[in-house]
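Read through the structure below, which is laid out as C-alpha cells, and then see the notes.
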Amino acid sequence: MTVFATEHKSAPRYLDVAANTHGEEKAFLVLRALERVRAQRPHVVEVGPGGGAAVSFLASHLRGNQFESAPVDLTLIEVPGVTSHTLSRAVDEFNEVGTCELVHGFAQDLGKLLPRSADVVSASALVHEVYSYGGGYSGLHSLIRVLGSVIEPYGYFVYRDVFSVRDRNLHERVTHAYDAPSWLRFLRMFTPYYLEHGRHPYHHIHDQLVVRQDSRQVDAADLDVGTCAVISAPIGLFREIQRHYITFRDHVWRSGALGFTPVLDGQLSAEWLDARTGHKLVHYTLAGTDWLPKTFQGMLDALSEPYADHRTVDGDIFDSCTDVALNTFLAAAEAGDMECSRVWNEWSVREGHETYAYLTADELLTEFAVNSVQAEPARPTVLLPSRPEDIVVRQRHYYNRYLTKRLANPLWDAKQLVLFRNIPVSDSRMLAEALAGVRESFSKHNLARVYASLAPGRE
C-alpha cells in the first residue's frame, strides 16, 4: 500500500513555498460560485489548503464591497499531521473579513468533519491524491458520493488539477522519441520505480512500455543515455513522465543542489520577455556545491548579468544550462553521491508514487456525474458544470516553451479547472440546459452513461 508522505508534504520548503502559489487561479472559480449562491451567509470549504494561497486571495478580494452583505464562513480541511506557517497567517487574514476554521481530517470523512453543509467546496489536486493514496478508483468514487452529500442542492464544487491529454483515452498507444541525456537518464531512473511502486492504471497487457535503441528492444532500466530512444506506451504514461520531470526539475532547483537557485515565487518569478510564448527572464542566486564540476558552475555565471544582489539570465539559456547540470546530477545520484541521492529520494518519496492524470476531462466529468447521483437517494443531485464557461483550461506557457524545445513529442502542459453545480435531478430544466451546454466535453458513450444514471429506475 502506498503511504501518504506526510512529512515531506508538510516540509516548510515545500508547503510554505513550492506548493503555495497560484492563489488567484485556485480561487477565481470560488468567487464565481459565490456570485451565484443564494445563501445569506455562504459556507465555503477548501479541502487541502496547502500554504493558504487561495485563502489569502479570497481574504484580499472579500475586503472589497462586493460581498459586504454576505459574510463568508470558511472551513479548511487538511490531512492530519500536515501543518503550514503561511496557512496560519492566511487564516488570520481571513478572520478579518469572515470566519475561518482549520479542521484536520480526510476528504472522504467530510460528512463527519463539517459543522454544516457547504454552499461551495473547493479543492486543488484532491482527486489525484485520493486516487494515489486513498484507494484508487474506489476511493475516488467514495469521495464523489461524499461531496454530493455535503454540498447543498444548487451548491458548487470547484476543482483544479493537472490537465490530462486531449485524447479521449489515456490508454491509446503512441510512439515518442527521446534524445536529451537528462530526459533519458530520468526515464531510466523514474519509470521502472513509478510502474512498480506507484498507483497507476497501466496494468493491461496492451499498456506495456516498449523501449527501443539502435533497433533493439531494451528494458527501461537499461537505457543508454547517449542513444536516442524510441518508446511505445499509453499516452497517459508519457503524460506522467513529462509532468514528473517538471516537478523533479523544480524540486532540484529549489534545493540549490545544482549550484544555482532560481527565483520561482513572487514578482521576480514572472518577468516575461514574451508572456504569450512563455519566454521569461530568470532571476537566480549562486549556491555553492561540492559535487558539480567547476566548469558547470562557471557556465551559467558567464552567460548571466548582475541584477541587484543576484543575477539574471534569458530563460532559454537557463533551461539549457539546467539540463546539462541535471544530467550530471542524476548521474551522481545513480553513483550514490550522498547529497544528490538525498535530494532525489526526497522528491521520489513525495511525488514519485503519484499519478497526476489518470482520467481525461471526458472521464472526469462522467465519473463525477454518475457517482454523485448515488450520494443522497432521498434527494438525488448530480454534479455537472451548468455552463460551458465553467470548464476552463489555463496553459503553462513557460513549461510548454521548454517542452517544445526539448522533446520531439511534447504533450500540452496546463491546469484543468471545473466548476461543478450540485443540480437536483428533479430540476429537469436546469439539467437539460447543463447537459446541452457541456455536451461537447463528453464522448457519446459517456454522455449516454450520464443520461442512464439520471433515468428513473436507475440501479
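Just a few scattered comments:
- Tyr193 versus Leu286: modelled label distance in nm, points set 7 Å from Cα along the beta carbon direction: 3.1 nm
- For a modelled paramagnetic label at Thr404, 7 Å from Cα along Cα-to-Cβ, the residues of segment 305-348 in reach, with backbone nitrogen under 14 Å, are 316.
- Fully extending the segment from Glu334 to Ala448, taken as 0.36 nm per residue of separation minus the present Cα-Cα distance, adds 36.1 nm.
- Stretchable slack from Arg89 to Arg387, in nm (0.36 nm times residue separation minus alpha-carbon distance): 103.8 nm
- Relative contact order [Cα under 8 Å, 6+ residues apart], the chain, whole percent: 17 percent
- Full-stretch length increase - Glu172, Val349 - with 0.36 nm per residue and alpha-carbon distance subtracted: 60.9 nm
- Lysine pair count for the chain (Cα-Cα distance under 23 Å; residues 8 or more apart in sequence or on different chains): 7.
- Answer label for mean projected area of the Cα convex hull in nm² (calculated), chosen among (1) 23.0; (2) 42.8; (3) 20.3: (1)
- Hydrophobic long helices, here whole DSSP H runs in the chain with Kyte-Doolittle means of at least 0.0 and Cα atoms spread over 18 Å or more along the helix axis, are found at 136-150, 315-334.
- Using C-alpha pairs below 8 Å separated by at least 6 residues, the relative contact order for segment 203-254 is 31 percent.
- 5 angstrom amide H check on Val45, placed H, neighbours 5+ away: Thr75, Val120, Val121, Ser122
- Under 15 Å, Cβ to Cβ, from His197 - net charge with Lys/Arg +1 and Asp/Glu -1: -2
- Arg429 versus Arg342: modelled label distance in nm, points set 7 Å from Cα along the beta carbon direction: 6.5 nm
- For the chain, the 222 nm mean residue ellipticity estimated from helices alone, with every DSSP H stretch of n ≥ 4 adding -39500 (n - 2.57) and the total spread over all residues, rounds to -13000 deg cm²/dmol.
- Cut-off 10 Å between beta-carbons: net charge of the residues surrounding Glu46, Lys and Arg +1, Asp and Glu -1: 0
- Ranked for footprinting exposure by Cβ neighbours inside 10 Å, fewest first, Glu367, Glu440 give Glu440, Glu367.
- Cα gyration tensor shape of segment 63-200, rounded if a/c is under 1.5, else prolate or oblate by comparing a/b with b/c: prolate
Every number in this text was worked out from the coordinates using simple rules, so none of it is lab data. Predicted model, so just to flag it, every value in this text is computed and none were measured. Cβ sites come from the backbone with ideal geometry, for glycine too, and all protein chains shown count toward neighbours.
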